[in-house]
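The values are calculated or read from the model by the stated rules, or taken from the named source; none is laboratory data. The structure presented is a predicted model; accordingly, all values stated were derived computationally and were not measured. Don't worry about glycine lacking a Cβ; one is built from the backbone with ideal geometry, like all the others, and counts go over all protein chains shown. Heads up: the accessible areas ignore ligands, DNA and RNA and are worked out on the full protein's heavy atoms, side chains in. Shrake-Rupley method; radii C 1.70, N 1.55, O 1.52, S 1.80 Å.
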Amino acid sequence: MAVEKELIALRKDYKISQKQISKAIGLSEEQYRRKELGQYDWRATEMFAIRNYLKPFIGPRSLNDIFYDKTTQNVYEAS
């Protein structure tokens, strides 16, 4: 579980509230906030729903573009 920095940045860039996204994907605002902060893992269906909700704003980005923490180096890349 990790804080979803890219998701938070995208949401803020496009002035989308946690309430808006949580309502669109069927979560309470509290459940959404906890997942965005990395306290709970996302379900695959929630990740796809978020990507689909953001699509008009961000275009055809992949799930990795939204949910993968680019600041963490992959262990396999280091060797």
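Some notes on this structure:
- All positions within the range 32-47 that are in contact with a helix residue (DSSP H, G or I) (Cβ under 7 Å, 6 or more places away or on another chain), part of a helix (DSSP H, G or I) and farther than 17 Å from Phe57 by Cα: Tyr32, Arg33, Glu36, Glu46
- As a summary of the residue check, Lys55 satisfies the conditions (1) open to solvent by less than 90 Å² (accessible area, probe 1.4 Å); (2) of a type outside the set (Ser, Thr, Tyr); (3) modelled with pLDDT of 90 or more; (4) part of a helix (DSSP H, G or I) except for the one numbered (1).
- Flag if Glu46 is surrounded by 12 or more Cβ atoms within 10 Å (Cβ to Cβ) and at pLDDT below 95: no
- The set of residues in the range 1-29 being of a type in the set (Val, Ile, Thr) and at pLDDT 95 or above consists of Ile16, Ile21, Ile25.
- Residue in the range 62-77 that is more than 12 Å from the chain's Cα centre (by Cα), open to solvent by less than 90 Å² (accessible area, probe 1.4 Å) and either among the aliphatic types (A, V, I, L, M) or at pLDDT below 95 (or both) present: yes
- Residue count for the range 4-24, restricted to those that are small (Gly, Ala, Ser), surrounded by fewer than 16 Cβ atoms within 10 Å (Cβ to Cβ) and assigned to a helix (DSSP H, G or I): 2
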